[in-house]
Structures are given as structure tokens and as C-alpha cells.
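The values are calculated or read from the model by the stated rules, or taken from the named source; none is laboratory data. Note that the structure is predicted; figures quoted are calculated from it, not measured. Reconstructed Cβ throughout: ideal geometry from the backbone, glycine too, with neighbour counts over all protein chains shown. Surface accessibility is based on the protein's heavy atoms, side chains included, excluding ligands, DNA and RNA. Shrake-Rupley method; radii C 1.70, N 1.55, O 1.52, S 1.80 Å.
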Amino acid sequence: MLTALALPVAAHTSDDFYLLYRQWQPYDWPVDEPSATEVTRSQRGVGWRREVTWGDIGLDYDYQPLRIRTGEPAHNGHLHRLTVDGQWQHRRFRVQARAGVAGTSNMFKYRDFHSDVINGRVALLRSVGRHSPVSLGIGGDHRFGSFRWLPRLRWEDTSKTGHWLVDLPVLLRWQGPGNRWVFRVGRDGDRWATLDKARAVESSLYLREWRAELSYRIRPGRDAWPALELGIGASADTRVRYQDLQAGTQDVRLGDALLGSIKLNW
């Protein structure tokens, strides 16, 4: 993928740079404990994407504080992730890939890494016909917890009603005419490598959810002024799995929460 970034770019390219902030409604701790407090969550992101005739390439960084204040989590709740990704279309084949590093802040501060800090996802699909909008394939990622391979069914179409993308079982996306409205329902999930405060316990945190979000571009980008997008949505069946220093492995359902987002695009 790094090699692809260095290759000459095909004609008809377009670049997109963004800043993102997303805030969730606090989650109630699912277990009735005297010392339990709500779990707060937010996300800050920045990224760049280039679209070319044969696909696209992107670079993304996000910081996601997930503050669990119950028990003795073997992590500090400050989750960082840096990834490079892309998709390539060649005749009837499509390849989607992402690779990067994801871990808690103390790993990067002290440069004390373990192997789980490296992760990624990949999918290979093939259209069922020469000009068919339907593709079949297989994909592997952490969106449902531990890394697993799942069959994929993809359908894509553009009409007067907008652009539709169905990528089962992970994504349904609609972009309205004029690119003002976007509605997305998808499966989100990943793994972050973790260290406890003493940097003695190496483990991982898995966060996964179903997320639905509707966004609207209220101002188009012009010259140096960015486009402004506002979004509202909800997360359902949010689950987190991590190591507790006293209780062992915890796999808890945080529940459902509303969310809001603001995004600037250049």
C-alpha cells in the first residue's frame, strides 16, 4: 500500500482533507455496582483521501477517549489509531485493504509496544457478471470482535434517487443527489493494544457496535473555505471487551446511545 502511494497517480484525481468530531451520549454501566459510573465516549479524527480512476487511497488518524471508571481496567481509555487504506478495481475484481497501528496512549508515550498494536482489514470481491452491480467475495476484520472471515455481498447503483451502496453484512449507505444528504448504517469495530498503568500487563481492547448516522452538508466548500457537515445518529448493541486486573476478561454490553458529529471537508 505504501508503494501504491508513491506510484504516479492516474488522471482525474481528486483530494479530500477532513477534520471530524463525534460525541456519544454517556453509557450507563450495565452492572448494578455501588461504585459504578457512566462511561463517556468521544472521537476526534483527521484524514486525507485521494480518488483516482482505479480506486482510492486514504490516510486516517483518530483519538477516541473511552472512559471506563469501574473496576481496574488494564488500560487508560485513551485509544489512538493511525491507518492507511485503499481500494482497487481491476476488471471484475475489487480489493479493499487497511493496515495500521492502534493502541493506548502510554504505548506511544513510552514506545512500549506489543504485537497486537498492528491490525488491519481486507476484502476481495468479484462481480458476478461483466457489467453487473453485484459482487461476491470474502472479508476479514475485527468488526464483530476477534478477527474473523465472513462472506460478503456487494451491490452498488446510481440513479435519480442518489447513489446506493449495500455491502453485506457490514454496510448500507445512501448519498442523495447533489451530495448533500448521506445516510449510513454499518458495523463498526476494531482492536486496540493496551497496557496497564505500570506497563506490566499486555492485553487488548475490542470495541464494536452497529451505528446509524444521517449527515447533511449545510455549506459547500469554496476556495479555502471548508464544507461543513452536521450529523446525528445512534449506536446500538455497543460492546467492549477488555482485561480487568482483578476480575479478568470483561465482555460487557454498554447499550445504546445517541450521537452527534461535525465534520469539515476541504
Matching residues in the range 137-155 - criterion: being of a type outside the set (A, V, I, L, M, F, W, C) and open to solvent by 60 Å² or more (accessible area, probe 1.4 Å): Arg148, Pro151
Complete set of residues in the range 69-117 that are open to solvent by less than 40 Å² (accessible area, probe 1.4 Å) and of a type in the set (Gly, Ala, Ser): Ala74, Gly77, Gly86, Ala97, Gly100, Ala102, Gly103, Ser105
Residue list for the range 23-35, restricted to those being open to solvent by 30 Å² or more (accessible area, probe 1.4 Å) and touching a Ser or Thr at 6+ places or on another chain (Cβ under 7 Å): Gln23, Pro26, Trp29, Glu33, Ser35
Subset of the range 208-223 (residues that are closer than 14 Å to Trp174 by Cα and of a type in the set (Phe, Trp, Tyr)): Tyr216
The range 122-145: number of residues that are more than 15 Å from the chain's Cα centre (by Cα) and in a loop (DSSP other than H, G, I, E, B): 6
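Being among the aromatic types (Phe, Trp, Tyr), more than 28 Å from Pro226 (Cβ to Cβ) and outside any loop (DSSP other than H, G, I, E, B) narrows it down to one of Trp29, Trp88, so name that one.
On inspection, the qualifying residue turns out to be Trp88.
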Top-ranked residue of the range 177-196 - restricted to ones that are modelled with pLDDT under 95 and touching a strand residue (DSSP E or B) at 6+ places or on another chain (Cβ under 6 Å), ranked as farthest from His114 (Cα to Cα): Pro177
Unique residue being under 27 Å from Ile118 (Cα atoms), without any contact (Cβ under 8 Å) to a residue 40 or more places away in the chain and open to solvent by less than 50 Å² (accessible area, probe 1.4 Å) when the list is Leu171, Leu165: Leu171
Filter result (assigned to a helix (DSSP H, G or I) and under 15 Å from His78 (Cβ atoms)) within the range 99-121: Ser105, Asn106, Met107, Phe108, Lys109, Tyr110, Val117
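I want to confirm something. Restricting to the range 44-54 and keeping residues that are in contact (Cβ under 8 Å) with a residue 40 or more places away in the chain and assigned to a strand (DSSP E or B), which single residue is least open to solvent (accessible area, probe 1.4 Å)?
This residue is Val52.
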Residue ID - farthest from Arg41 (Cα to Cα), chosen from residues in the range 218-266 that are open to solvent by less than 50 Å² (accessible area, probe 1.4 Å) and of a type in the set (Ser, Thr, Tyr): Tyr242
Residue match in the range 180-202 (condition: in contact with a Pro (Cβ under 9 Å, 6 or more places away or on another chain) and open to solvent by 20 Å² or more (accessible area, probe 1.4 Å)): yes
Pairs, first of a type in the set (Lys, Arg) in the range 212-234, second not in a strand (DSSP E or B), C-beta under 8 Å, six or more apart: Arg217/Asn179; Arg217/Arg180
Any hit, the range 124-131, residues being under 28 Å from Leu259 (Cβ atoms) and not aromatic (Phe, Trp, Tyr): no
Qualifying positions in the range 197-227 - at pLDDT below 95 and of a type outside the set (D, E, K, R): Ala198, Ala200, Ile218, Pro220, Gly221, Ala224, Trp225, Pro226, Ala227
Members of the range 89-120 that are more than 18 Å from the chain's Cα centre (by Cα) and small (Gly, Ala, Ser): Ser105, Ser115
